[in-house]
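Working notes for the structure below.
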Amino acid sequence: QGSRSWIRSIKAVPVLSPEWMSLAGALQNLAAACGDNLSGPPPKNLDGVKGRVEGAGTLWDQEAHEDAVRILVEEAKVSISLRLLNQFKTFMLSASTEEKQARIMNLGKSSHIWNGMQAVMDRVRVFEESMGYVLFKAILHVEAMQLMDHILLVDHIAMVLQSREPETGNPRLQEHMVLNYFYCLCKFLDELNTEQLLASMQSHQLVSAVVARVLKKPKFTVDSVGLVSEGLALLCGQEDFQTSWQEHLPTERDRGEFLQYEAVTNALLEESPDLRPTLRPLTDLYKRVKKGR
């Protein structure tokens with residue numbers, strides 16, 4: 001009953017409003033109900049968390065019990081969760097310092113919310129970590145992915161990857177978490193509007209943005225890099241992408257950085273050689289790119 005109550009509290013509210021502060025608290029509880037430990041990275045072992053993939057059943061009859069995610073889907077809160085997260089990051093990346101301070105000061109008018117500047121900043125971090133994690137747990141399932149605005153998801157991933165936020169090393173913040181979203185997007189590409197999504201990914205040069213972010217951010221965890229590589233392999237194995245990969249890597253610089261990522265792939269395969277069949281579409285594209293240069 002607790003999870004359903006927290007999920008029903010997910011609704012459109014202004015960023016850094018008293019209602020938003022209360023929502024952040026509910027999301028922290030919801031993230032814990034999703035099996036979260038905010039002090040560590042996202043889970044590596046996804047066995048039993050399959051949704052409707054390769055005949056493995058649905059979110060309702062899979063091996064793992066994910067009641068919080070199931071309720072999120074049943075209450076149709078997946079799409080609003082993405083919109084709230086996107087609005088939050090858009091505000092934090094684009095609003096002026098003065099505008100942010102003004103909203104924080106307005107919180108002082110709500111005595112039951114205001115508890116000092118540090119308390120507000122802690123709640124900002126809690127919102128980003130908790131909402132980001134809950135969304136990731138949800139979109140590991142095609143049932144949830146099909147309920148959201150996929151183009152907004154691509155827009156959100158691109159916005160975060162192309163931002164100039166300082167590196168924190170926190171695997172729960174969006175600078176890291178959007179790489180997991182990229183994996184989920186590639187995982188279900190064939191079950192969504194493939195043509196539209198590929199066009200959106202191409203317009204944002206998303207493949208280049210993902211590759212560049214991993215190459216330039218050495219603090220990413222091995223698990224995150226593994227998911228990115230698997231996501232790229234899933235994308236490279238997609239039939240429509242195979243006939244249009246040049247549009248996703250249009251410049252010599254894009255193709256050069258993509259080939260630099262081969263060293264990341266090789267290091268991953270050296271550590272986990274059992275991933276070789278999974279990553280073969282990616283390693284095959286390296287060969288095609290080299291031949292085309």
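Filtering the range 116-135 to residues that are closer than 17 Å to A26 by Cβ and modelled with pLDDT under 80 leaves only A119.
Checking each residue in the range 129-163 for being among the hydrophobic types (A, V, I, L, M, F, W, C), part of a helix (DSSP H, G or I) and either within 12 Å of M201 (Cα to Cα) or open to solvent by 10 Å² or more (accessible area, probe 1.4 Å) (or both) picks out I151, L152, L153, V154, I157, A158, M159, L161.
Considering only residues that are open to solvent by 10 Å² or more (accessible area, probe 1.4 Å) and among the hydrophobic types (A, V, I, L, M, F, W, C), look in the range 22-53 and name the one that is modelled with the highest pLDDT.
Among those that are open to solvent by 10 Å² or more (accessible area, probe 1.4 Å) and among the hydrophobic types (A, V, I, L, M, F, W, C), it is A26.
When L282, L275 are checked against the criterion of being open to solvent by 10 Å² or more (accessible area, probe 1.4 Å) and either part of a helix (DSSP H, G or I) or at pLDDT 95 or above (or both), L275 stands alone in meeting it. Contact map, the range 250-265: residues that are in contact (Cβ under 8 Å) with a residue 40 or more places away in the chain paired with residues that are part of a helix (DSSP H, G or I), Cβ distance under 6 Å, separation 6+ or inter-chain. Pairs shown: D254/S208; E257/V211; E257/A212; F258/V211; Q260/L215; Y261/V211. Within the range 211-267, if we keep just the residues that are outside any helix (DSSP H, G or I) and polar (S, T, N, Q), the residue that is most open to solvent (accessible area, probe 1.4 Å) turns out to be T243. The number of residues in the range 54-110 being modelled with pLDDT of 75 or more, among the aromatic types (F, W, Y) and surrounded by fewer than 20 Cβ atoms within 10 Å (Cβ to Cβ) comes to 1.
A quick yes/no check of all residues on (1) more than 21 Å from F127 (Cα to Cα); (2) aromatic (F, W, Y); (3) at pLDDT 95 or above:
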site: D155; (1), (2), (3): no, no, yes
site: P166; (1), (2), (3): no, no, no
site: T194; (1), (2), (3): yes, no, no
site: M201; (1), (2), (3): yes, no, yes
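Scanning the range 164-193 for residues that are in a helix (DSSP H, G or I) and aromatic (F, W, Y) yields Y181, F182, Y183. Restricting the range 8-17 to residues that are farther than 19 Å from Y133 by Cβ and touching a Phe, Trp or Tyr at 6+ places or on another chain (Cβ under 9 Å), the residue that is surrounded by the most Cβ atoms within 10 Å (Cβ to Cβ) is L16. Figure legend. Inter-residue proximity from the range 234-249: first residues polar (S, T, N, Q), second residues open to solvent by 80 Å² or more (accessible area, probe 1.4 Å), beta-carbon distance below 8 Å, spacing 6+ or different chains. Indicated pairs: Q238/D190.
The values are calculated or read from the model by the stated rules, or taken from the named source; none is laboratory data. This one's a predicted model, so the numbers in the text were calculated from it and none came from an experiment. Glycine gets a Cβ as well: all are built from the backbone with ideal geometry, and neighbour counts include every protein chain shown. To get the accessible areas, we keep the full protein, side chains included, count just its heavy atoms, and leave off ligands, DNA and RNA. Shrake-Rupley method; radii C 1.70, N 1.55, O 1.52, S 1.80 Å.
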